[in-house]
Amino acid sequence: MSVVALNPRTTGFQTGSEPLPPRPQRLTRYLRETSLLVARGLRMIPRVPERLSDVTIQPVMFTLLFLYVFGSAIHVPGTSYQNYLLPGLLGQSLAFGVIGAGSATATDFATGVVDRFRSLPVTRLSVISAQVVGQIIEQILGIVIVSGLGIALGWRPDLSVGTGLELGILVLLGLFAFTWFGILLGMLVRSSDAVQGIGFAIMLPLSFLGGTFVPISGMKLVPRVIGQWEPISTLVAAIRHVCQGTNATGSWPLEHPVVAMIGWCVVIIGICVPLALRRFRTVNA
């Protein structure tokens, strides 16, 4: 029997003189894997377009219904209802990111997507980071749709370069905070239907009480007090202040909406990020 010698240069086998290429640094791996997982999530949109219904169909319905059905019956002193409503809808869109992020996270856990990622040699943190980034991108799409529709219907924001930059920073901060809230909710509930039910039960009343559609000052005592201090009212008031230059009164958060919004977002991030990361490690242990 003859022995055939294999040449490592032609077979591709590694020898002691040809070591494997070094692995990328941990940060490089994390960024690369996060970007790949984000791209994976975005590629799913054309295949499952209904997943964008919460950032496309829903805000369009809110805009048309409240502008044309209730707009003729609601009078806001000093401004048109378009200029009052649209900043409120943008603030509501930030808060409603909880529902989309929570549903997507619960679906990935329920269908075993996270388990499949766990079997791959990827950084664990990149899985949850990709979820955050992907959801923020989807929410930005919804905000662009609402803004474009509002401008077409008569909304005229009073923005300069400085206030436009300020608005962009506030929007990104709000999206980041409420997306983490939604991801934590999706990890705890683990059912997309339950996330949607719980999310609407929390966010919809708060958005109505937060001055999104009608001024808080005209409400009865109990809803007025709640609206003056709850977080969505600060989102709405901050965006309305930046876009239109208007100021609300009645409580410290409404009189200093930008500072109050930043404070609420920092609190939400400080609570939800550690809990979500801990929950993620526990579930995938």
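Since every read-out is calculated from the coordinates, none of them should be taken as a lab result. Treat the numbers as computed from the prediction; the structure is a model and nothing was measured. Reconstructed Cβ throughout: ideal geometry from the backbone, glycine too, with neighbour counts over all protein chains shown.
Listed values, structure above:
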| item | result |
| --- | --- |
| Hydrodynamic radius by Kirkwood, which averages 1/r over all alpha carbon pairs of the range 205-285, in angstrom | 13.6 Å |
| Whole-number D in µm² s⁻¹ for the range 125-211, Kirkwood Cα-pair radius fed into Stokes-Einstein, 20 °C, 1.002 mPa s | 142 µm²/s |
| Sorted by Cβ neighbour density within 10 Å, fewest at the top, the residues I183, I226 | I226, I183 |
| Least to most buried among S72, S233 (fewest other Cβ within 10 Å first) | S72, S233 |
| Distance between modelled label sites at D158 and M61, nm, 7 Å Cα→Cβ extension | 3.4 nm |
| Residue order, fewest to most beta carbons within 10 Å, for I232, I268, I128, I137 | I137, I268, I128, I232 |
| Proportion of all alpha-carbon pairs of the range 53-102 beyond 17 Å (%) | 37 percent |
| Descending semi-axes in whole angstrom, ellipsoid equivalent of the range 54-153, from the Cα gyration tensor | 37, 12, 9 |
| Residue-averaged 222 nm ellipticity for the chain, from DSSP H runs of 4+ at -39500 (n - 2.57), nearest 500 | -23000 deg cm²/dmol |
| Value of Rg/Rh across the range 107-154 [Cα atoms, Kirkwood radius] | 1.26 |
| Ratio of Rg to Rh over the chain (Cα coordinates, Kirkwood Rh, two decimals) | 1.13 |
| Electrostatic dipole magnitude of the range 26-283 [Cβ: Lys, Arg +1; Asp, Glu -1; Cα centre; debye, to 20] | 860 debye |
| Listed residues F178, F62, F208, most fluctuating in the chain (Gaussian network, C-alpha, under 10 Å) | F62 |
| Relative contact order (%) - criterion: Cα under 8 Å, at least six apart; region: the range 26-283 | 26 percent |
